[in-house]
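For reference, the structure is listed below as structure tokens.
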Amino acid sequence: MCTVVIETEPGSARLLAVRDEDPQREWDDLGPWWPERYPGVIGIRDRRAGGAWLAVDPASRRLAVLLNRADLLDLPADQALSRGSLALESVAGRTPMGSPRMHGFNLLEASPDGARVITWDGEVLRETPVDPGVHMIAHDDLDDPATARIAAWLPRFRASAPDEWTALLQETAALDPDDDRAIIRDNTSHGYPTLSLLYATAAVGADGATVESHVLRRPGHWD
């Protein structure tokens, strides 16, 4: 149930991404964890599967973030391919095709050429362009008004400059972390073992690509 806010303009994009994951699942903060297969790529690595939640290639100025979503597949977990390869393959210039043998996902891709969301629901792989402006995405569609946190906060993010987004994220944390409108989240009450672990800020443009991560000292709670 991760959340991403993104602003796109011709030739550039800026984003704020919040990662929700099981705190017991081991991971590594930003680093060049794939020097042989993806040289120069930095990202946040999942140790279990070896993939990435977020990946950036400064050389190609590509950025990708992976968000899980529900799907219509009757696919046992031990037969599903890891979604962790998606962000890494994306920044290498390769996006999923056909019918991935994976559970559902939203893959947000951004570069100076534009931004898009690749969505897989277990039946159809589709692409949604991210038009210029400010948008949000979580576990459903881009700017989906049925997602409570998008309905609650997208107007505020649109009314704020990207430099103000972190302060606004702190404001959202005044909500209880299990509130459907919360962005800094504790999803355990909803039946998922995931809590917000960190937020990342990133930008891509003609001058390059940058990313910073900010790990929460207590999962599911603003520091």
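Key figures for this structure:
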| read-out | value |
| --- | --- |
| Of residues in the range 146-198 being of a type in the set (D, E, K, R) and part of a helix (DSSP H, G or I), the one surrounded by the fewest Cβ atoms within 10 Å (Cβ to Cβ) | Asp163 |
| Residue list for the range 21-58, filter: among the hydrophobic types (A, V, I, L, M, F, W, C), in contact with a Pro (Cβ under 9 Å, 6 or more places away or on another chain) and in a loop (DSSP other than H, G, I, E, B) | Val41 |
| Filter result for Asp74 (surrounded by fewer than 19 Cβ atoms within 10 Å (Cβ to Cβ) and either under 14 Å from the mean Cα position of the chain (by Cα) or part of a helix (DSSP H, G or I) (or both)) | no |
| From the options Ala206, Ala173, Ala148, residue that is within 30 Å of Pro32 (Cα to Cα) and small (Gly, Ala, Ser) | Ala206 |
| Residue pairs meeting the criteria (Cβ under 8 Å; at least 6 apart or on separate chains; first surrounded by 12 or more Cβ atoms within 10 Å (Cβ to Cβ), in the range 21-38; second of a type in the set (Ser, Thr, Tyr) and not in a loop (DSSP other than H, G, I, E, B)) | Asp29/Ser213; Leu30/Ser213 |
| Subset of the range 4-32 [basic (Lys, Arg), under 16 Å from Asn187 (Cβ atoms) and more than 10 Å from the chain's Cα centre (by Cα)] | Arg25 |
| From Leu216, Leu142, residue being over 21 Å from Arg83 (Cβ atoms) and either touching a helix residue (DSSP H, G or I) at 6+ places or on another chain (Cβ under 8 Å) or touching a residue at least 24 places away in the same chain (Cβ under 8 Å) (or both) | Leu216 |
| Filter pass, Ala202 being touching a residue at least 24 places away in the same chain (Cβ under 8 Å) and in contact with a Lys or Arg (Cβ under 8 Å, 6 or more places away or on another chain) | yes |
| Matching entry among Asp78, Asp57, Asp74, Asp121 (being farther than 19 Å from Thr210 by Cα and in contact (Cβ under 8 Å) with a residue 12 or more places away in the chain) | Asp121 |
| Conditions (1) within 21 Å of Ala55 (Cα to Cα); (2) in a loop (DSSP other than H, G, I, E, B): number failed by Glu123 | (1) |
| Only one of Thr3, Thr8 that is in contact with a Ser or Thr (Cβ under 9 Å, 6 or more places away or on another chain) and among the hydroxyl-bearing types (Ser, Thr, Tyr) | Thr3 |
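Readers should treat all values here as calculations from the given coordinates under stated rules, not as data from a laboratory. This one's a predicted model, so the numbers in the text were calculated from it and none came from an experiment. Quick reminder, even Gly has a Cβ in these numbers, built from the backbone with ideal geometry, and neighbours come from all protein chains shown.
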